[in-house]
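Worksheet for the structure shown next.
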Amino acid sequence: MGNSATHAKKSVLMDWLTTVDHKKIGILYLAAGFFFFLVGGIEALLIRLQLIFPNNTLFVGETFNQLLTMHGTTMIFLAAMPLLFGFMNFIVPLQIGARDVAFPFVNALGFWLFFAGGILLNLSWFMHNGAPEAGWTAYVPLASELNYTGLDYYVLGLQISGAGTLMGGINFLTTIITMRAPGMTFMRMPLFTWTTFVASGLILFAFPALTVGLFLLMFDRVFGSAFFDVASGGNVILWQHIFWIFGHPEVYILILPAFGIISEVLSTFARKRLFGYTSMVFATLLIGFLGFMVWAHHMFTVGLGPVANAIFAVLTMAIAVPTGIKIFNWIFTMWGGQIRFTAANLWAVSFIPSFVIGGTTGVMLSMPPADYQFHDSYFVVAHFHYVIIGGVVFGLFAGMYYWWPKMFGRMLNEFWGKVAFWLFFAGFHFTFFPQHFLGLMGMPRRVFTYNEGLGLEAGNLISTIGAMGMGLGTLIIILSVVASIKGEKAPADPWDGRTLEWAIPSPPPEYNFKQTPLTRGLDTFWLDKMDGKKEVTYAEPVGDIHMPSPSILPLIMSIGLFIVGFAFCLKKLIDPTTAIAMAIVGGIITAICMFARSLYDDPGYHIHKEDLEGGDKGANA
């Protein structure tokens, strides 16, 4: 096999540490994201255990604040984002008929930067003052308090991790724009690819705002500047504007790919083309556009004035229109279809009512007079989790059960998948539905206890029991994943799929497609099957395939930046000279890797035509 044979001799460990294959990087994102999902879930269970009874003393004061901050930060930045990036990395190139992403090296660097930032953030648990404790939004002046050294880990960990996310977004945009298969116009792209495209555009414009805010906060904390110090002429409301100009598009960065997953799953298991495809595409674009115009609805109580509040209220309500289009299109997709309630489809169908509840309470919160009452109460906690769990997490689990056979070549057990679904689904609603009423009864969020006799006992007890149900459902999913290692082997097309990823073996070969496919229309693989073809139509004959070389440089560069960030975090705890020396060493490591990469002309390697003649199955064996 020439160069490809040499490449195959790497050890398993080095293969994963040096890979630039989009499929392996997708799996790395999923593994790391699920690890952080478990960490964030344990933190959530500890929060609920503290609140199970009034005047409980299990986790109080600083410990509770640290759990609260790390739960939110971990779930948003280190679990939901990378889990979605895992599916985006693995599936999008397959759906558009590409052999990899546009920049494989940058893709690997993006993953390792995310992982380095996540590890740096969680190291704070074991350091001098413990984890950050200013809430996941890190509002100043609390986040400017220099005694809270855990906030340094928040600032620097998210900067490093965010750089990796920004690289990923740029990579997806370039890949989708430039690497679609012949015949795949924008209006023939699967909806998951469309939502990835729009979410990547949001990443491109939203994450720089977060980066700027974190840099300003870092300069305040590490170098003594005064961007957010009122006594020195700074402005604390500035942080809220910067954070939410990122923070609200971030909600759509998370939910749009979940919308795409739901669209793929419902269409496949209804055996119908997605209803209103064109309107779904334009609704996705409109949600992305409006997502940048609503950030101040998080700030109705800061005193912006009635004009600003009214403008942001109207724009917030307007987002319900394209979202409603999607809801009705999903229902009409199922209407009259041959619906199969697989585990994946149960998650997808249950997504609709769960997300609608979150959307309805969002409209309630969009009205400034009402928001004055709801603000900082458990009503907001319930709303947010109905959107993020009832929306994003349900979408992630639907995608997991849907694409797992394609990714790993093994089927997940359907029976235990349905058991896990019902436990998690029931637990979710038991956890968060009562919190609407707790908020209306006056329970503030971010408090570690409450007094007896206020009528809050029953709601908190039910909420904690529900959280345990969610934990049990997650445990069954983990056991199902472990059991799938020796489970039933998956065929190439176990669900009778409609899009190109189902036209190749499970798991896909390294090169994805031995020949570039020809796209004949929306759901091109389905069209080919309806014409009686056994495989997708190809646009070229079999030929040599050129693949990019693996590289250890992304990992080493990320380690270098990790050292720099860690040094800044230690600046207040160790001799400043030592910390500066550490930072310089880390910077030199990163700079050397960048310089080496600039000099290195990657020759890649070839998978030769004769090795492909046996077909995908033979080459994959």
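Here Phe425 fits the description: part of a helix (DSSP H, G or I), within 30 Å of Gly442 (Cβ to Cβ) and in contact with a Ser or Thr (Cβ under 9 Å, 6 or more places away or on another chain). Return the total of residues in the stretch 223-257 being under 15 Å from Leu304 (Cα atoms) and touching a His at 6+ places or on another chain (Cβ under 8 Å). Within the stretch 223-257, residues that are under 15 Å from Leu304 (Cα atoms) and touching a His at 6+ places or on another chain (Cβ under 8 Å) number 2. The set of residues in the stretch 112-166 being on the phi > 0 side of the Ramachandran plot and either charged (D, E, K, R) or assigned to a helix (DSSP H, G or I) (or both) is empty. Within the stretch 575-594, none of the residues are touching a residue at least 60 places away in the same chain (Cβ under 8 Å), in contact with a Lys or Arg (Cβ under 7 Å, 6 or more places away or on another chain) and among the small types (Gly, Ala, Ser). Going residue by residue through the stretch 559-568, is there one that turns out to be at pLDDT 80 or above, more than 29 Å from Pro104 (Cβ to Cβ) and not charged (D, E, K, R)? Yes: the stretch 559-568 contains one or more residues that are at pLDDT 80 or above, more than 29 Å from Pro104 (Cβ to Cβ) and not charged (D, E, K, R).
Sort out which residues of the stretch 467-487 are more than 18 Å from Phe394 (Cβ to Cβ) and either surrounded by 21 or more Cβ atoms within 10 Å (Cβ to Cβ) or in contact with a Leu (Cβ under 9 Å, 6 or more places away or on another chain) (or both), and write them in order of number.
Residues of the stretch 467-487 more than 18 Å from Phe394 (Cβ to Cβ): 468, 479, 482-487.
Once the filter is applied, which keeps residues that are more than 18 Å from Phe394 (Cβ to Cβ) and either surrounded by 21 or more Cβ atoms within 10 Å (Cβ to Cβ) or in contact with a Leu (Cβ under 9 Å, 6 or more places away or on another chain) (or both), the stretch 467-487 yields Met468, Ala483, Ser484, Gly487.
Screening Phe525 on (1) of a type outside the set (Asp, Glu); (2) touching a residue at least 40 places away in the same chain (Cβ under 8 Å); (3) surrounded by 22 or more Cβ atoms within 10 Å (Cβ to Cβ) shows it passes everything except condition (2).
Please specify each residue of the stretch 441-481 satisfying the condition of being hydroxyl-bearing (Ser, Thr, Tyr) and not in a helix (DSSP H, G or I). Matches in the stretch 441-481: Thr449, Tyr450. Here Leu121 clears all of (1) within 30 Å of Thr499 (Cβ to Cβ); (2) touching a Phe, Trp or Tyr at 6+ places or on another chain (Cβ under 6 Å); (3) not small (Gly, Ala, Ser) except the condition numbered (1). Out of all the residues in the stretch 325-337, is one or more part of a helix (DSSP H, G or I), charged (D, E, K, R) and either within 23 Å of His436 (Cα to Cα) or touching a Gly at 6+ places or on another chain (Cβ under 6 Å) (or both)? The answer is no; no qualifying residue exists.
Looking only at the stretch 366-390, filter to residues that are more than 19 Å from the chain's Cα centre (by Cα) and farther than 20 Å from Val447 by Cα; which one of those is surrounded by the most Cβ atoms within 10 Å (Cβ to Cβ)? Out of the qualifying residues, it is Ser366. Could you identify the single residue in Gly183, Gly169 that is under 30 Å from Ser267 (Cα atoms), modelled with pLDDT under 95 and touching a helix residue (DSSP H, G or I) at 6+ places or on another chain (Cβ under 8 Å)? Answer to the check: Gly183.
Tell me, which helices (runs of 4 or more DSSP H) lie completely within the stretch 1-96 with 1 or more residues that are surrounded by fewer than 19 Cβ atoms within 10 Å (Cβ to Cβ), more than 27 Å from the chain's Cα centre (by Cα) and not basic (Lys, Arg)? It would help to see each step written out before you state the result.
Working: elements: 3-7, 12-18, 22-50, 62-73, 81-95.
Of the helices (runs of 4 or more DSSP H) lying wholly inside the stretch 1-96, those with at least 1 residues that are surrounded by fewer than 19 Cβ atoms within 10 Å (Cβ to Cβ), more than 27 Å from the chain's Cα centre (by Cα) and not basic (Lys, Arg) span 3-7, 62-73.
Determine whether Thr301 is part of a loop (DSSP other than H, G, I, E, B) and touching a residue at least 40 places away in the same chain (Cβ under 8 Å). Taking the combined requirement at face value, the residue satisfies it. Among the residues examined, Phe566 qualifies as buried (at least 19 other Cβ atoms within 10 Å of the Cβ) and in a helix (DSSP H, G or I).
The values are calculated or read from the model by the stated rules, or taken from the named source; none is laboratory data. Because the structure is a prediction, the values reported are computed rather than measured. All Cβ positions, even for glycine, are placed from backbone atoms using ideal geometry, and neighbour counts span all protein chains on display.
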